[in-house]
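Here's the structure, in structure tokens; my notes come after.
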Amino acid sequence: MGWIGTSICRHCQHHSIFGGYMYDLESKTQQVTQAKHGLHIPMLMPDEFFMGYLGRLTHINGLGNTSNTNKILSAWVKQSHPEANVVPAAYSLPKLLDIDVETFIRQHTFAPITGAIKSKTVQRNAEVTARQNSNLQGMLITTSKKIKKAACFCASCVKEDIDYLGFSFWRRSHQLSGIDWCLKHNVPLREVNEDAPYEIQPANYLMNKRFTEVNIESHTADPVVLRYAQLIQDALELAVPLDFKVTGQVLFKQSKEFNIRTSAKGNKKTLSDLMIEQLPDYWLSKHFPNLKKERHGTYLSSFDDVLRLNGNGKSCMNTLLAAAVLFKNADEAIFEFTQHQYKCPPKAKPKISDKAIIESYIKFQGNIKRVAAELNQSYDTLYARAATLGLPALTNVNRATFNAIMSFFRGEDFLTSINKPGVNPEKFESVIRIAGGQLSSTINKFKRSMSSTKLS
Ligand SMILES: [Zn+2]
């Protein structure tokens, strides 16, 4: 297609001094692994925020700014989807990288917590949106929705990146609303308040001192803030996005312990009053500026409605904030949120036996999409059936980790399971945490099926 641009990038700084080393911010160091569609494609890093990746792609190809890159990517996607008007980067980038759109959106955008992803599947939405322009627009807006006002980076992460990779990149985990410190280095993040900040690598801002440092002393030690930080990270990791009907039921039940009012009318304290009481003022005014009121007891629907039993129009972040306030333990809240999802039995008499589903589930290591394909069922039907059996939808769980999870639920000791060769401990723990007791009882009920299926 001949897309290589000839414009000079306004952000280029060929060689700069950084931390005593000469280093090169140009394309050569950025592990460009492939070149296709006329574009040089840098390697996508774990936890890399997609807007930052778009910036790197722009920079490496000398395209000037990300809207130029978006135009090129759009034109390329439109070759196969001529009906699309606007193509969001969150859709075109994974296509360019030849990776699953759903995985990309889950791992590199905020869509899992900004509400773009309903409790169905992103992949399905993405395929639908490729045909329906209005949805495509919606997805573009939601994935680009900023969570924090400023773009944030951690100076220690940047230094490590430069030392190990030769370039630096924007991490999604640093852009999370309410988290002003690096969870790895436990140091305050630096904030960049400029236009199109992600078009430039964080190392440039650090080097040129174009940032402000956040004062985090006031709230890193605050237990509610720490719970919120854990909850927001957990929510991003969930294989199944939160169902706001379920979160409403769970939070409503939990709110009973606090004697608070759950309807607009009345005199008792509201959930939003409790939030204001429990959270540091500085933190609230920075991250939840709408959580303020003239008078104690006023019902603030955007926050207090998270206790409602219907799922409409709720904010994921406000839901997580409520959980941080109402639960003593973030793991318990996430467990309650996820273990009750999709418990409703399917209306029609199931045509496929539970045993067949379990066997296929084991065969495909929890990949529901492949199970549905094998059993010739729609994804949604299979997803709901699997959920009633307590089988979580898993992606990217390797065979060793999957087998260890099954052994654990068959009664093997936790440490024995997690320490088996090839097991990814983080994945193991997160699956155990979300799967819960339902999976355990299913495994025991179908023990023969589970153990007769060849696991390795
Ligand atoms: Zn860091």
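Looking at region 240-339, the accessible area is 48 square angstrom per residue; that uses a 1.4 Å probe and ignores ligands, DNA and RNA. Remark: region 33-109 carries 34 Å² of accessible area per residue (probe radius 1.4 Å; ligands, DNA and RNA excluded). Once the Cα-Cα distance is subtracted from the 0.36 nm per residue extended length, the Lys253 to Tyr164 segment shows a gain of 27.2 nm. Three semi-axes describe the equivalent ellipsoid of region 354-452; taken as square roots of 5 times the Cα gyration tensor eigenvalues and ordered largest first, they are 21, 14, 12 Å. Dipole size of region 354-452 about its Cα centre, with +1 on Lys/Arg Cβ and -1 on Asp/Glu Cβ: approximately 200 debye, rounded to the nearest 20.
Counting every alpha-carbon pair across region 240-339, the share separated by more than 24 Å comes to 16%.
Of the solvent-accessible surface of region 240-339, computed with a 1.4 Å probe over protein heavy atoms with every protein chain present, carbon and sulfur atoms account for 47 percent. Ignoring ligands and nucleic acids, what accessible area does Arg399 show with a 1.4 Å probe (Å², nearest 10)? Arg399 has an accessible surface of roughly 80 Å² with all protein chains in place. What a 1.4 Å probe finds exposed on region 354-452 is 51% carbon and sulfur by accessible area, rounded to a whole percent. Solvent exposure of region 354-452, expressed per residue, is 45 Å² of accessible area, with all protein chains present and a 1.4 angstrom probe. Using the charge dipole of region 240-339 (Lys, Arg: +1 at Cβ; Asp, Glu: -1 at Cβ; taken about the Cα centre), state which of Thr270, Ser315, Gln254 has its Cα farthest towards the positive end. Of the options given, the answer is Thr270.
Charged side chains reduced to their Cβ positions (Lys and Arg at +1, Asp and Glu at -1) give region 200-270 a dipole of some 540 debye around its Cα centre.
Ranking Val86, Val250 from most to least accessible surface, computed with a 1.4 Å probe over the protein chains only, gives Val86, Val250. Under the convention that each Lys and Arg Cβ holds +1 and each Asp and Glu Cβ holds -1, the size of the dipole of region 228-371 around its Cα centre is about 680 debye.
The values are calculated or read from the model by the stated rules, or taken from the named source; none is laboratory data. What you see is a predicted model, and the numbers here were worked out from it, not measured in a lab. Cβ coordinates were reconstructed from backbone atoms using ideal geometry, including for glycine residues, and neighbour counts include every protein chain displayed. These area figures cover heavy atoms from the full protein model, side chains too; ligands, DNA and RNA do not enter into them. Shrake-Rupley method; radii C 1.70, N 1.55, O 1.52, S 1.80 Å.
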